[in-house]
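Have a look at the structure below before the remarks.
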Amino acid sequence: MQHFLTTESLDRDQLIAILDTAESFTSVDGRNIKKVPLLRGKTIVNLFFEASTRTRTTFELAAKRLSADVLNINVNSSATVKGESLLDTLRNLEAMHIDMFIIRHHNSGAAEFLTQHISPGISVINAGDGRHAHPTQAMLDMFTIRRVKGEFANLRVAIVGDLLHSRVARSQIHALRTLGAKEIRVIAPRTLLPSHIEDLGVVAYQNIERGIKNVDVIIMLRLQKERMQGALLPSQHEYYHLFGLTRDRLAMAAADAMVMHPGPINRGVEISSAVADGEQSVILQQVSYGIAVRMAIMSMLAGN
Amino acid sequence: MQHFLTTESLDRDQLIAILDTAESFTSVDGRNIKKVPLLRGKTIVNLFFEASTRTRTTFELAAKRLSADVLNINVNSSATVKGESLLDTLRNLEAMHIDMFIIRHHNSGAAEFLTQHISPGISVINAGDGRHAHPTQAMLDMFTIRRVKGEFANLRVAIVGDLLHSRVARSQIHALRTLGAKEIRVIAPRTLLPSHIEDLGVVAYQNIERGIKNVDVIIMLRLQKERMQGALLPSQHEYYHLFGLTRDRLAMAAADAMVMHPGPINRGVEISSAVADGEQSVILQQVSYGIAVRMAIMSMLAGN
Amino acid sequence: MQHFLTTESLDRDQLIAILDTAESFTSVDGRNIKKVPLLRGKTIVNLFFEASTRTRTTFELAAKRLSADVLNINVNSSATVKGESLLDTLRNLEAMHIDMFIIRHHNSGAAEFLTQHISPGISVINAGDGRHAHPTQAMLDMFTIRRVKGEFANLRVAIVGDLLHSRVARSQIHALRTLGAKEIRVIAPRTLLPSHIEDLGVVAYQNIERGIKNVDVIIMLRLQKERMQGALLPSQHEYYHLFGLTRDRLAMAAADAMVMHPGPINRGVEISSAVADGEQSVILQQVSYGIAVRMAIMSMLAGN
């Protein structure tokens, strides 16, 4: 692997290799000195065209714990404002002998576009491109599922929420299929379900009570504020009433179902506080494993 | 000590221990290689809900000189804007295996609130909460006083300015009392004096000439611009006329009185340039010792 | 050298020493571990009063590859907003035991002003002051020219564009003269040519076809957007028509003429894409050498 762009483009062995490598990095977090020298002297650029403290922070932490030097470039305040194209930005950073780019961009395909023009030996990690993919988030979700459930083969997984705009969901679906999950359901109001989503190999539900029945894993999606104000949804309150994950609804899933969410949570919108903070929630483990998974991906791309 | 929240909650031995430890760190600043490995592999987060380049910078420098990795999180551009609560922000950062939080927040009690919910083994340093406390600033002031004056027992100290809104002043008063200062005076116009301030063990003056008489230490407070524009003060010019520290007024203090200010200075508002830059001013020493004092507190919380 | 403020103030031996030192640093960029310990334990502050991701980034990278600790201070969000003067900002940072300042400021002479007040042992690098100078950019240009052309003695150099507002051009002209370039031409519309520019030892042209004839080096200047909207220029399109560097015009220069630009490029304004991306362009090499040249200057100021 030179780049890490989507979960879709990787086969089962590659996904498993990432999960296995991440296992070895979880121990670093618990050490007194949380640093390994694997990327010492390497320069990693966080190139963020969309604001995201959370994702940027986990990549920065992962890079620092690998002993890399990290540059944060928030493109609102950079030369792109002066009209420089994405490609010119890339060429200039390349010339500075950057080893790895972590890119988040509002356009689907931005990360892949970079890889078509980048010099050999430089790696690109997609940290979210438009509505297309967010593969490191999906891999930390897979890691969390495997940690809790062991195997994928017998799992029924439900993804609940704004499937239409979610790059996370697309990456999750591809990873879950490749890893052999038994059944993948998507649950959303009709306005937030992409047409032809069944082509991805999932079963669509517009009713959460039916969709959630007997599932082993529930992945909630974040409802973006701007969706709630638009025409796609009646109101935040109505959404919670119809699709929010409450205790009563969680009780319809398998008894040991795990509850996931990429964060940040909208309490009382897509999930109740009782569920988010409850015993079946692994939301904070997801954050925690996110560091190890990103360390694994960075380290593997760097040739370790 | 697991946390460092106020000067009020510490006894004399604890305050002295901080000052003594800071002494040992002053030598690091003068070295060719200004780094000690005490916090290597630790991750420290500057979690600032109020903008402050100065305080954030001194904490960042102190952490880097202890060899820690530092993350700056400016919360205006983070998930809190998306509606995430302070507690969710904490839980998420905790999950990333942060070792220490430096928090500045506009609400009094924010730092203490975090400590009530934080996991064992993680430390919180209060870098200013509302009008409540700013204990690291107070400790660097104590350090500066001890460096210049030796002992606290015989000292008359005057704190001059906007006592009403000053979190620094509260922390200074508690520290000075615990360290045994002979007399603590506060000097301010009536509109900027908290009612019942005498309960803290200080004597209040509304006349600077009388208040400053024979004192050994003069601590000027910064007058926030927004106060000058409000109803509490007639005008900036009038304030300087009545309460500004000029050479003539300084001459009323003890001959070897030292002049302090937490910065940044409003020249010609609360202090004249002649005094701020004069021989009795230790304002820049305060900045300098601020690094050593913060290194000491961080190092002690980390168990060294 | 304690400071690096202008190319004008340095003699030929000093300029050559910088170029020679930079040669030794170009190899660091190609290493697996791109770090040398020359500035370990030193603290360098990027003190930027004008936004500039590109220049700030190259200084930050150069400093990190020398193993220094770097603080970025963007003065829009700092105490200067609270009314603190440049000198007070300097004094405060000095008190924090900073070893080196990289300053960019909108006022000509700001960097030199600092050096008049700074403590011995602290260095200042001018990263651009008003319309006055941008000497590290000029030195990386000289480095690039020497790398490609070998010697300066036989070179005809043309600088094309907004000479009136360009601090880069002034620094380039001084460096080229000191290094013994055979001929220096400046090419611009009359409204963008400083009066008396010939006093700097250059020949002025208002026609690019004549000015570019037989030159060995073409240095394009960036046309700031705000100039295009002002009264000095008819339109962006008109400027390109009259002064843009196209293939046809490039063909009038020497057959092996090299094309330079400080970036970011305005494609189709001051330069055509065919030329910017063409074989004679060394624009990306300039960026690359910029790291080595800045490492050289920092290292020399630090006494290595």
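The values are calculated or read from the model by the stated rules, or taken from the named source; none is laboratory data. Please read these numbers as outputs of a predicted model, since none were measured by experiment. Counting neighbours? That spans all protein chains shown, and the Cβs are built from the backbone with ideal geometry, glycine included.
If I go through the range C:105-132 residue by residue, how many of them are touching a Leu at 6+ places or on another chain (Cβ under 8 Å), part of a strand (DSSP E or B) and under 20 Å from C:M300 (Cα atoms)?
Final tally of qualifying residues: 4.
What number goes with the only condition from (1) out of contact with any strand residue (DSSP E or B) (no Cβ under 9 Å at 6 or more places or on another chain); (2) closer than 24 Å to B:F143 by Cβ; (3) among the aliphatic types (A, V, I, L, M); (4) surrounded by fewer than 20 Cβ atoms within 10 Å (Cβ to Cβ) that B:A254 does not pass?
It is condition (1) that B:A254 fails.
Being touching a residue at least 12 places away in the same chain (Cβ under 8 Å) and either among the acidic types (D, E) or part of a loop (DSSP other than H, G, I, E, B) (or both) is the filter here, so list the residues in the range A:250-262 that pass it.
Those that are touching a residue at least 12 places away in the same chain (Cβ under 8 Å) and either among the acidic types (D, E) or part of a loop (DSSP other than H, G, I, E, B) (or both): A:M252, A:A253, A:A254, A:D256, A:A257, A:H261, A:P262.
Out of all the residues in the range B:147-167, which are within 16 Å of the chain's Cα centre (by Cα) and either within 27 Å of B:S27 (Cβ to Cβ) or assigned to a loop (DSSP other than H, G, I, E, B) (or both)?
B:G161, B:D162, B:S166
Would you point out the residue of the range C:265-287, among those that are touching a Ser or Thr at 6+ places or on another chain (Cβ under 8 Å) and at the interface with chain A (Cβ under 9 Å from one of its Cβ atoms), that is farthest from C:D69 (Cα to Cα)?
The extreme case among them is C:R267.
Being free of Cβ contacts under 8 Å to residues at least 40 places away in the same chain, hydrophobic (A, V, I, L, M, F, W, C) and closer than 29 Å to B:E151 by Cβ narrows it down to one of B:I291, B:I265, B:I271, B:I283, so name that one.
Only one candidate qualifies: B:I283.
Inspect all residues belonging to the range B:174-193 and state whether any of them is surrounded by 24 or more Cβ atoms within 10 Å (Cβ to Cβ), in contact with a Gly (Cβ under 7 Å, 6 or more places away or on another chain) and assigned to a strand (DSSP E or B).
Yes, some residue in the range B:174-193 is surrounded by 24 or more Cβ atoms within 10 Å (Cβ to Cβ), in contact with a Gly (Cβ under 7 Å, 6 or more places away or on another chain) and assigned to a strand (DSSP E or B).
For the range B:188-203, which residues satisfy the criterion of being out of contact with any Leu (no Cβ under 6 Å at 6 or more places or on another chain) and not charged (D, E, K, R)?
Within the range B:188-203, B:P189, B:S195, B:H196, B:I197, B:L200, B:G201, B:V202, B:V203 meet the criteria.
Can you confirm whether A:D99 is touching a residue at least 12 places away in the same chain (Cβ under 8 Å), of a type in the set (D, E) and touching a Gly at 6+ places or on another chain (Cβ under 9 Å)?
Yes: the conditions hold for A:D99.
Filter the range A:264-282 down to the residues that are surrounded by 22 or more Cβ atoms within 10 Å (Cβ to Cβ) and part of a loop (DSSP other than H, G, I, E, B) and list them by number.
Passing the criteria: A:I265, A:N266, A:E270.
Answer with yes or no whether A:R156 is out of contact with any helix residue (DSSP H, G or I) (no Cβ under 6 Å at 6 or more places or on another chain) and surrounded by fewer than 24 Cβ atoms within 10 Å (Cβ to Cβ).
So A:R156 passes the test.
Out of the residues in the range A:11-66 meeting the condition of being surrounded by 15 or more Cβ atoms within 10 Å (Cβ to Cβ), of a type in the set (K, R) and in a helix (DSSP H, G or I), tell me which one is farthest from the other protein chains (Cβ to nearest Cβ).
That would be A:R56.
Which of the numbered conditions does A:S299 fail, given that it passes all the others? Conditions: (1) modelled with pLDDT of 95 or more; (2) in contact with a helix residue (DSSP H, G or I) (Cβ under 6 Å, 6 or more places away or on another chain); (3) of a type outside the set (V, I, T); (4) crowded, with 19+ Cβ neighbours inside 10 Å.
Among (1) modelled with pLDDT of 95 or more; (2) in contact with a helix residue (DSSP H, G or I) (Cβ under 6 Å, 6 or more places away or on another chain); (3) of a type outside the set (V, I, T); (4) crowded, with 19+ Cβ neighbours inside 10 Å, the lone unmet condition for A:S299 is (2).
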